[in-house]
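The values are calculated or read from the model by the stated rules, or taken from the named source; none is laboratory data. Given the structure is predicted, the values throughout are model-derived calculations rather than measurements. Every residue, glycine among them, receives a Cβ derived from its backbone with ideal geometry; neighbour counts consider all protein chains shown. For accessibility, only protein heavy atoms count, side chains too; no ligands or nucleic acids. Shrake-Rupley method; radii C 1.70, N 1.55, O 1.52, S 1.80 Å.
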Amino acid sequence: MALIIRKLNDIIDFFTRDILSFSILLFLFVFLANHMASAYTLTRANSMGFNSTKMKQKKFLEDRNSGSLSKQIKFHTGEVTKNWQLNFGLSTTQKAVSDGSQKDTDSRAYSFSMEPSFKFGNSISLKGVLSYNSHMKNNLQNDLSDLLLSLYFLKKKVSSNLNFSPYLTSTVPLSKDSRQRQQLNFGLGGGAALSNQNGVASGMLSTAGSISMQKYFHRYETALNNYINTSYTSNQQISTGWEYKQFGATLLFRHINAWNYSGNMSEAFFHLQSVSWNVNNQLSFSAGHSNSGSVLSPNQEEIEIRLIDDNSSTLFISTNYIF
């Protein structure tokens, strides 16, 4: 028994400290769950005398209470008849692991976000993302984020539940760091997204993945503090959310590659886990954990991606309202 307990502890520690392995296990679970959900729905429909799962899937999509991820998917795939959608968010974050010092005590930050979406027909829609961040410890860090715009076009249904959406993306420099230190003019690029929604028993499983590339245009290749500016970035992201009645859970993982004007590449990551309570179709409350940082250690030899990190992990609570 002691050997079994020790082995279980080793496995738990492995997946806690190696987010790459944890992500692989998570992705396999998501796709297996999607596959089982499709098979379950098809079997049930056939047993009731139906020849297609279309009616059953449509019922799940229309009747189930939807969170933010689900609403975004349905809006940009044309399943929502309204021509605009506005998501307001308010959140507060705190360092997850504190050593009791005054520095950690004053590490709380607040964020107000706005995500408008507009539809210009059945195949074209526009999404914008903008936030304002306030830091308790240092008011000089309070700032707007850059405005990120994404234009979706040529949307295509790959299957009854799987949607493919290519898009153009652009960065409008609004933050002080981009305008003053980097002297960024704008960014321009493109990407593609896949999204999938399936009914799982009495709940709804939403999964979305995307990959994008963006080129930045600066006034100078070197910033005011003599750091070389970023020339290109590539983002790879996957997120999944499961909802049952008014409760849900969300997982997100993002990997970022960045190349500066000298051709040197750096890698970063961001991941998030949260649980939510959907009060109604518009209002929701969430709580969770997030972590971010560099993929490689300073010696460039060890992978530094961690599920939980003593220095960079944060806990957050947030509320969202969708018009």
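Accessible surface ranking for GLU301, GLU267, GLU221, GLU243, 1.4 angstrom probe, highest first: GLU301, GLU221, GLU267, GLU243. Sparsely packed loop sites in the stretch 218-323 (the trypsin sites (Lys or Arg not before Pro) outside DSSP H, G, I, E and B with at most 15 other Cβ atoms within 10 Å) comprise ARG219, LYS245. Note on THR222 and GLN141: the model spin-label points, each 7 Å out from Cα along the C-beta direction, lie 2.8 nm apart. If you keep only loop residues by DSSP, which chymotrypsin sites (Phe, Trp or Tyr not before Pro) in the stretch 134-201 have at most 15 other Cβ atoms within 10 Å of their Cβ? Here the sparse-neighbourhood loop sites are PHE153.
Counting only protein heavy atoms and a 1.4 Å probe, the stretch 154-200 has 47 square angstrom of accessible area per residue.
Within the accessible surface of the stretch 265-306, defined with a 1.4 Å probe on protein heavy atoms only, the carbon and sulfur portion equals 55 percent. For the stretch 202-265, taking the reciprocal of the average inverse distance between every pair of different Cα atoms yields a Kirkwood hydrodynamic radius of 14.4 Å. Start at zero, step by 10 Å, and the Cα-Cα distances of the stretch 243-307 spread as 19, 34, 22, 16, 8, 0 percent across the bins. Averaged per residue, the stretch 221-310 has 54 square angstrom of accessible surface, using a 1.4 angstrom probe with ligands and nucleic acids left out.
Within the accessible area of the stretch 86-223, the carbon and sulfur atoms contribute 62%, probe 1.4 Å, all protein chains present.
Computed from the Cα positions only, the extents of the stretch 196-313 along the three principal axes stand at 54, 32, 23 Å, in decreasing order. Charging the Cβ of each Asp and Glu at -1 and of each Lys and Arg at +1, and nothing else, the dipole of the stretch 211-302 about its Cα centre rounds to 320 debye.
Taking a ≥ b ≥ c as the square roots of the eigenvalues of the Cα gyration tensor of the stretch 105-167, is the shape rounded (a/c under 1.5), prolate (a/b larger than b/c) or oblate? Judged from the Cα gyration tensor, the stretch 105-167 comes out prolate (a/c at least 1.5, a/b above b/c).
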